[in-house]
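The values are calculated or read from the model by the stated rules, or taken from the named source; none is laboratory data. Quick caveat, the model's predicted, so the values are computed rather than measured. Quick reminder, even Gly has a Cβ in these numbers, built from the backbone with ideal geometry, and neighbours come from all protein chains shown.
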Amino acid sequence: MTDTQVQATTVEPGFGDFVQLLKPRVMSLVVFTALVGLMVAPVHLYPVAAFSAILFIALGAGASGALNMWWDADIDVLMRRTKNRSIPAGRIQPGEALGLGVALSGISVVMLALATNLVAAGLLAFTIFFYAVVYSMWLKRSTPQNIVIGGAAGAFPPMIGWVAATGSVSLEACLMFALIFMWTPPHFWALALFMKEDYSNAGVPMLTVTHGRRTTRAYILIYTVLLVPFAMALGWTTIGGPVYIAVAAALNLWFVVGAVRIYRRDEVQAEADKYAVEKAFFRFSLVYLFAHFSAMLVEAVLRSMGYGV
Amino acid sequence: MSFKPEHEIHRRRFSRNLGVGLCLAAFVMLGFFLTVEKVTRGNPMNALQGKPFVAAPEAAP
């Protein structure tokens, strides 16, 4: 990272500037998926321990977000989407973000171990390491497969939630991981299709920059098709059921249709309607993930009411 | 009535101090309630007393 490209702090940072370092929007997804992982597990934690588990998983995700912003400050300042973040905007010094990230990483891992168990804490520590070091420092700037492998960091929270409750990894936890892991590439590549200038300006080797948009469109379709079996398989595990299978079938069908529409388009068509299909696919991908995990939660509630299969 | 108008810097500094203070207070409260839950609902802490685990005797009917 080159500090020269980051503006010097000119204003006194408020509390909100530090909260922004933790990427609250990403954190909300982490909280939701970790909560579902915890709630659908066959073993239930006591309320304060469960609340602590979610809180410290979210805090660990926030810590890795702060470390990511510290490392990426030099490219964040070049991208329209990220140039108003606390560090590139000059409200927080990079060193402050590093300190906050390291401190919160330690607190979240230790507290998760005390509140739940060592396996969950170990997984959280690995997730922070994976996102901050493997993804941010290594993959992001060196390979167009950055988000494919880096997506693992975002896929761990439901697994950590499950392990916090049960103490071990199971098939269900692995499939929840796989669902997010396989969902990440089409989600981000759809974003990259209509945000190409940003990544190109920053020199980040996104697939759209290195292999072109035609290949990216093909990859979106391939990964969407590969995602389907993982999403559907969850329906036949102990956390699935008829509600989940019905919801997943409809969502996956629509997701594949969206990916096929993206694949069939070329840049002339996309420019003509200002990437309407790509933007719609990106928005639907958020609904897709939220609805899958909501369906798992509904199944858990039904089971607790005696309607389980 | 304040004689000196509050500067933007003071407002931002106050928000930071208040935020950190509330976070610390919440952390202490969480630690307290987590401890209460672990002690009252957790497994007997025989290991901490250097004794092997012995199940609690059944209550007399």
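Answer yes or no as to whether residue A:231 is more than 19 Å from residue A:286 (Cβ to Cβ) and either buried (at least 23 other Cβ atoms within 10 Å of the Cβ) or under 20 Å from the mean Cα position of the chain (by Cα) (or both). So residue A:231 does not fit the description; no.
In segment A:126-152, the residues that are without any contact (Cβ under 8 Å) to a residue 60 or more places away in the chain form Cβ pairs under 9 Å with partners that are among the charged types (D, E, K, R) and surrounded by 16 or more Cβ atoms within 10 Å (Cβ to Cβ), at six or more places apart or across chains, as follows: A:147/A:140; A:150/A:140. Residues of segment A:104-120 that are more than 22 Å from the chain's Cα centre (by Cα) and either on the phi > 0 side of the Ramachandran plot or more than 10 Å from chain B (Cβ to nearest Cβ) (or both): A:110, A:113, A:116, A:117, A:118.
Residue-by-condition table, conditions (1) surrounded by fewer than 18 Cβ atoms within 10 Å (Cβ to Cβ); (2) within 30 Å of residue A:267 (Cβ to Cβ):
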residue: A:215; (1), (2): yes, yes
residue: A:226; (1), (2): yes, yes
residue: A:236; (1), (2): yes, no
residue: A:251; (1), (2): no, yes
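One residue stands out among those in segment A:253-279 that are exposed (fewer than 12 other Cβ atoms within 10 Å of the Cβ) and of a type in the set (Lys, Arg): the one that is nearest to residue A:40 (Cα to Cα), which is A:264.
Regarding residue A:288, is this residue in contact (Cβ under 8 Å) with a residue 40 or more places away in the chain, surrounded by 12 or more Cβ atoms within 10 Å (Cβ to Cβ) and at positive phi? Here the answer is no, as residue A:288 does not meet what is asked.
Just so you know, in segment A:16-30 the residues that are of a type in the set (A, V, I, L, M, F, W, C) and in contact (Cβ under 8 Å) with a residue 60 or more places away in the chain include one that is farthest from the other protein chains (Cβ to nearest Cβ), and it is A:29. Screening the candidates A:131, A:199, A:135 for the property of being closer than 18 Å to residue A:282 by Cα, buried (at least 19 other Cβ atoms within 10 Å of the Cβ) and of a type outside the set (A, V, I, L, M, F, W, C) yields one hit, A:199.
Is it the case, given these coordinates, that residue A:179 is touching a residue at least 24 places away in the same chain (Cβ under 8 Å), in contact with a Leu (Cβ under 8 Å, 6 or more places away or on another chain), assigned by TED's automatic domain parsing to the domain that holds residue A:266 and over 28 Å from residue A:275 (Cα atoms)? Here the answer is no, as residue A:179 does not meet what is asked. In segment A:60-75 there is at least one residue matching the filter, namely being surrounded by 18 or more Cβ atoms within 10 Å (Cβ to Cβ) and not in a helix (DSSP H, G or I). The helices (runs of 4 or more DSSP H) falling completely within segment A:183-254 that include 2 or more residues that are without any contact (Cβ under 8 Å) to a residue 60 or more places away in the chain, hydrophobic (A, V, I, L, M, F, W, C) and farther than 21 Å from residue A:150 by Cβ map to A:212-233.
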